[in-house]
C-alpha cells in the first residue's frame, strides 16, 4: 500500500512539473494612428486606427460593441467603428476611421482625454474587452481669438507708449 501511494505521488509530481502546452487566447491590437491631436474649439476630429489580429489566432474575432469615455463637454461619434469594424480574421489588418470627437464651440480651451475600448469575442454574444486605446485632444482658441487678443495687446501697448510720450513732452 505504501509503495502504491509513493508511486502515485511520484506520478502526480511528475505530471505537475512537466511542461504543459501553452494556452494562447485570441487577441487583437488596436493602434490609433494619431493618439494626440491639436485642434481648435468648435471642431470635429477624426481618429483613424489600425486593428491587427495575430495569425496565431484560432479563428475570426467578432467585434460586437464598443465602450468609450471623454472629458465633457466633448462628445464621441462611434459611427466609424459601427461601419468599418465588424470582425477580424487571423492575420488580418484593418485601417479605417474608428471614431470622431467633437468639441463644441462653447467648449473650453485645454486638454480633453479619453479612451476607446473594443468589445467582442469568438461569437456574436461575447462582450469581452479585446483592446483599448487612449487618446488626447488639445483644444486651442480659434485663430480669430488670437487675432483679437494680439490686436488688443497692441492697442494697450500703443496707449501706454502715447501716455509716456505725452508726459515726457
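Along the Cα-to-Cβ line of residue 86, 7 Å from the Cα, sits a label point; which residues in the stretch 43-64 have backbone N less than 13 Å from it?
From the stretch 43-64, the list is 62-64.
Only counting other Cβ atoms within 10 Å, I'd like 37, 86 sorted with the fewest neighbours first.
Numbers: 37 17, 86 13.
So the ranking, lowest neighbour count to highest, is 86, 37.
What spacing in nm lies between the two simple spin-label points modelled at residue 33 and residue 134, each 7 Å away from Cα in the Cβ direction?
2.3
Between residue 154 and residue 97, what length comes free when the chain is fully extended (0.36 nm per residue of separation minus the Cα-Cα distance, one decimal in nm)?
16.2 nm
What distance in nm lies between label points placed 7 Å from Cα along the C-beta direction at residue 115 and residue 67?
Between residue 115 and residue 67, the simple spin-label model gives 0.9 nm.
Output the peptides 50-57, 123-130, 97-104, 160-167 sorted from most to least packed, where packing is the average of other Cβ atoms within 10 Å over each peptide's residues. Intermediate values should be presented prior to the final figure.
Details: 50-57: 16.0, 123-130: 13.1, 97-104: 20.0, 160-167: 9.2.
Per-residue Cβ counts within 10 Å, averaged per peptide and sorted highest first, yield 97-104, 50-57, 123-130, 160-167.
Which distance in nm do the two modelled labels at residue 106 and residue 124 give, with both placed 7 Å along the Cα-to-Cβ direction?
Simple spin-label model gives 4.2 nm for this pair.
At a threshold of 8 angstrom on Cα-Cα distance, excluding pairs fewer than six apart, so keeping six or more, what relative contact order does the stretch 22-169 reach in percent? Let's see the in-between values first.
Details: 309 pairs, mean separation 42.2, N = 148.
Normalised by residue count, the contact order of the stretch 22-169 is 29 percent.
Let me make sure I get this right: for the stretch 21-142, a, b and c are the square roots of the gyration tensor eigenvalues over alpha carbons, sorted descending. Under 1.5 in a/c it's rounded, otherwise prolate if a/b > b/c, else oblate. Which is it? Don't skip to the end; give the middle numbers.
Numbers: a/c = 2.67, a/b = 2.49, b/c = 1.07.
Here the stretch 21-142 falls in the prolate category.
None of the figures in this text is laboratory data; all of them are computed from the coordinates on show. None of these values were measured; they are calculated from a predicted model. Heads up, the Cβs are rebuilt from the backbone with ideal geometry, glycines too, and the neighbour counts pull from every protein chain shown.
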